[in-house]
Amino acid sequence: MEDLKAQIDLQKLPKHIAVIMDGNGRWAKKHGQPRVFGHRNGVQSVREATEAAAELGVEYMTLYAFSTENWGRPAAEVNALMTLLVQTIRKEIATMNKNNIRLMAIGDLEKLPAKSHKALLEGIESTKNNTRMTLVLALNYSAKWEIMKAVRNLAQDAVEGKIKPEDISEATFDAALSTKGIPHPELLIRTSGEQRISNFLLWQIAYAELAFLPIFWPEFRRQHLYQAIIDYQNRERRFGKTSDQIMNTD
Ligand code: IPE
Ligand code: IPE
Ligand code: MG
């Protein structure tokens, strides 16, 4: 594993890695256990991913923990996920402070159960001065919701004469999103083998490199992060240009 880590070019790290943590239910099923068992075991993967990213020097990591669509799951599973969220935040805050990691959240947070919302806000408050890495939890998050909200706010500002429609640029739109101030992810990882975005960060991943890993989230360990970063660094990010143009800029 140290070999793998040594292959990473620290000068070319993605600043922001986004992760769709998928496959908890299938992993649990494979072990003959209820789905919640998978969610509980996914917490260790969150720890490993967060610590490995912070140690490397990644500045932001966003984890998709609960989508707006996930409310449609059986109530018992939703409740278990919300309880796990409260327990995990409470338990991990000390470690996050020790590791100098700041917690943030994106999504329609006010619609979370009061207890989960409270634990989340406490975690955010308690870690707000940490500077090594920002861990962003996407909770009750949906990219279409986020975009609609930004559009509504900008339209309202225009109606009130605060801005002119022609003032709306990519930069002002960025600033109207819940990820305001956070660089766009250069790398998006999804576990479980599914190759879809599931309403995550649609605007922000316009040019992200995508890594679809054939493992379930509870199986995710540091080496999977290292390997995904190595693969990312071996890709040529062309941004619409030709390969020759990219080679000549070095
Ligand atoms: C991801 O695992 C966790 C959440 C969506 C909260 P799943 O629960 O989606 O697991 P699978 O995809 O059903 O295996
Ligand atoms: C995406 O996973 C959401 C999270 C990881 C929180 P899902 O398991 O909900 O996505 P679909 O339903 O397979 O697209
Ligand atoms: Mg899933």
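The values are calculated or read from the model by the stated rules, or taken from the named source; none is laboratory data. Remember, predicted model here, so these are calculated numbers, not experimental data. We place every Cβ from the backbone using ideal geometry, glycine too, and count neighbours over all the protein chains shown.
Looking only at segment 211-232, count how many residues are exposed (fewer than 15 other Cβ atoms within 10 Å of the Cβ) and within 25 Å of Glu69 (Cβ to Cβ). Total meeting the criteria: 1. Return yes or no: is Gly42 in contact with a helix residue (DSSP H, G or I) (Cβ under 8 Å, 6 or more places away or on another chain) and of a type outside the set (Lys, Arg)? Spelling it out, Gly42 is indeed in contact with a helix residue (DSSP H, G or I) (Cβ under 8 Å, 6 or more places away or on another chain) and of a type outside the set (Lys, Arg).
Please go through (1) away from ligand 1 (no atom under 16 Å from the Cβ); (2) touching a residue at least 40 places away in the same chain (Cβ under 8 Å) for Phe216 and return the number of the only condition it doesn't satisfy. Every condition holds for Phe216 apart from (1).
Ser67: modelled with pLDDT of 95 or more, within 16 Å of ligand 3 (Cβ to nearest atom) and under 20 Å from the mean Cα position of the chain (by Cα), yes or no? It is true that Ser67 is modelled with pLDDT of 95 or more, within 16 Å of ligand 3 (Cβ to nearest atom) and under 20 Å from the mean Cα position of the chain (by Cα).
Of the numbered criteria (1) more than 14 Å from ligand 2 (Cβ to nearest atom); (2) out of contact with any Phe, Trp or Tyr (no Cβ under 6 Å at 6 or more places or on another chain); (3) in a loop (DSSP other than H, G, I, E, B); (4) closer than 23 Å to Arg47 by Cβ, the one Ile229 fails is (3). Take the residues in segment 1-33 that are of a type in the set (D, E, K, R) and away from ligand 1 (no atom under 15 Å from the Cβ); name whichever of them is nearest to Phe200 (Cα to Cα). In this case the residue turns out to be Lys15.
Residue-by-condition table, conditions (1) modelled with pLDDT of 95 or more; (2) surrounded by fewer than 16 Cβ atoms within 10 Å (Cβ to Cβ); (3) over 23 Å from Glu59 (Cα atoms):
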| site | (1), (2), (3) |
| --- | --- |
| Ile89 | yes, no, no |
| Lys98 | yes, yes, no |
| Glu125 | yes, yes, no |
| Leu135 | yes, no, no |
| Lys144 | yes, yes, yes |
| Ile168 | yes, no, yes |
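If the condition is being assigned to a helix (DSSP H, G or I) and more than 18 Å from the chain's Cα centre (by Cα), then segment 128-160 contributes Met148, Lys149, Ala150, Val151, Arg152, Asn153, Leu154, Ala155, Gln156, Asp157, Ala158, Val159. From the list Ala49, Ala80, Ala65, Ala76, the lone residue that is assigned to a helix (DSSP H, G or I) and within 11 Å of ligand 1 (Cβ to nearest atom) is Ala80. Criterion first (part of a helix (DSSP H, G or I) and either in contact with a Gly (Cβ under 7 Å, 6 or more places away or on another chain) or away from ligand 2 (no atom under 16 Å from the Cβ) (or both)) does Arg90 satisfy it? Spelling it out, Arg90 is indeed part of a helix (DSSP H, G or I) and either in contact with a Gly (Cβ under 7 Å, 6 or more places away or on another chain) or away from ligand 2 (no atom under 16 Å from the Cβ) (or both).
Is it the case that Gly32 is in a loop (DSSP other than H, G, I, E, B), at pLDDT 95 or above and not β-branched (Val, Ile, Thr)? Answer is yes for this residue.
Taking the condition more than 16 Å from ligand 1 (Cβ to nearest atom) and at pLDDT below 95, does Arg222 pass? So Arg222 fails the test. Among residues of segment 195-213 that are part of a loop (DSSP other than H, G, I, E, B), those with a Cβ under 6 angstrom from a residue that is within 14 Å of ligand 1 (Cβ to nearest atom) and aromatic (Phe, Trp, Tyr), sequence gap 6+ or separate chain, pair up as Gln195/Phe212; Phe200/Tyr64.
When Ile246, Ile182, Ile229, Ile163 are checked against the criterion of being within 17 Å of Ala49 (Cβ to Cβ) and either among the hydrophobic types (A, V, I, L, M, F, W, C) or under 14 Å from the mean Cα position of the chain (by Cα) (or both), a single residue qualifies: Ile229.
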